[in-house]
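Note sheet for the following structure.
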Amino acid sequence: MNKQHLKCLLIITVLLGTQLHASAHTNNTTASLLSSEDVILQWNRVLMGTIRTPGQQPPTIFPVRSFAMMHAAMFDAVNSIDGSYTPYFTNEPVSKNASVQAAAAQAAHDVLAALYPSRIAIFDAELGISLEGISEKRARQGIRVGQAVASRLLAHRANDGWNATPPPYVLPLTPGNWQPTPPAFPAAGFTHYPAVLPFAITSNTQFSPNPPPTLTSTEYASAFNEVKELGSAISTTRTADQTLVAQLWANVNTPTTVFFVWNNVAQTVAISRNNTTVENARLFALMNIAFHDALQTTFTSKFAHGLWRPVTAIRRAEEDDNPNTAPDAPAVSAFGVRISAPTDPPSSAAR
């Protein structure tokens, strides 16, 4: 990753952190608290549990799509009743006496039932929990708007490109070109992501970062040596906090994957600020839509420029024609995970 990419990611992180004003942690809601759980947080938890269940998430679809779809539908359903904000996709005419909770729950239920049909029984049970205590008339009105909003959003995203077969991405072995990385040396994944329909941005290149620096430049050497130093197991400059941050985003010793981190942050903020359901619906919709499109922007740039990964760049530094870079010593590990030397079999983790 070059400095321009890193800068863009840091800006996104800072902006989200400023908006959310909290640190990430897993929201393990107990059964005794489910009855008082906000409906937005409830269905966010349900979706997390679904994605964590082996075999549920299609291997070529990033979970960010599910989060964005579900929360966009919940927001439009809630906002159709409350009317405080501009709709995301649709504004369904409905009585203001309709239940916001019922509308949000039905929208979430219908979106998830379409995306994960084998878990419909689970979603039905959660819907029952959501509707408890709501009068029949208000629930019926909320259910209707939730169904309508979900149906329209599902139709809109039915051919959004996520179901396409990922095209191959293979580059020559020329220095600087991306190559499969250890330990498994997998082929490039999610190569269809750039062609997916965004949720909010006008195109996948609307906010493209600048191209990476040339291999022979001073800027490249500076970024190279920074990554090499901070990533080394024997680094004397990496702080303990930087190690924890790296392990978090690399999913080391934690079940919290990159798809859950910012949703956990949003959960924490929603609870600490005692947000209303309407506020939570907007918060989670904005965050997850931004996450989907920001990640799409980075994937588009990654495949457009095809820059090699640090693990490849460091091992092949003698090929970059830059006098200010040098290969790493053999068998150096990053963040406590062993790195194999170039001649080792592909059985160790990549930097």
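Values as computed for the structure displayed
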quantity	calculated
Asp320 long-range amide H proximity, modeled H, under 5 Å	none
Neighbourhood charge, 12 Å Cβ-Cβ cut-off, centred on Ala285 and excluding it, Lys, Arg +1 and Asp, Glu -1	-1
Dipole magnitude (debye, nearest 20) for the stretch 240-316, charges at Cβ of Lys, Arg, Asp, Glu	340 debye
Whole-Hz couplings from phi, Karplus 6.51/-1.76/1.60, listed for the stretch 92-104; x for Gly and Pro	8, x, 7, 5, 5, 8, 4, 6, 4, 5, 5, 5, 5
Scaled radius of gyration (Cα, divided by 2.2 N^0.38 Å) that the stretch 32-105 gives	1.26
For the stretch 312-321, Karplus couplings with θ = phi - 60° (6.51, -1.76, 1.60), whole Hz, Gly/Pro x	6, 4, 6, 5, 10, 4, 5, 9, 8, 6
Interchain or long-range residues, amide H under 5 Å from Asn177's placed H	Trp308
Residues of the stretch 286-304 with amide N under 16 Å of a point placed 7 Å along Cα→Cβ from Tyr85	286-293
Trypsin sites (Lys or Arg not before Pro) lying in DSSP loop within the stretch 85-188, provided at most 13 other Cβ fall within 10 Å	Lys96
Those trypsin sites (Lys or Arg not before Pro) in the stretch 194-284 that DSSP places in a loop and that have at most 11 other beta carbons within 10 Å	none
Separation in nanometres of the label points that stand 7 Å from Cα toward Cβ, at Thr243 and Glu226	2.2 nm
Sparsely packed GluC sites (Glu not before Pro) within the stretch 118-160, loop by DSSP, other Cβ within 10 Å at most 15	Glu132
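Every read-out reported here was derived from the displayed coordinates using simple, explicitly stated rules and does not represent laboratory data. Fair warning: this is a prediction, and the values are worked out from it, not measured in the lab. Glycine gets a Cβ as well: all are built from the backbone with ideal geometry, and neighbour counts include every protein chain shown.
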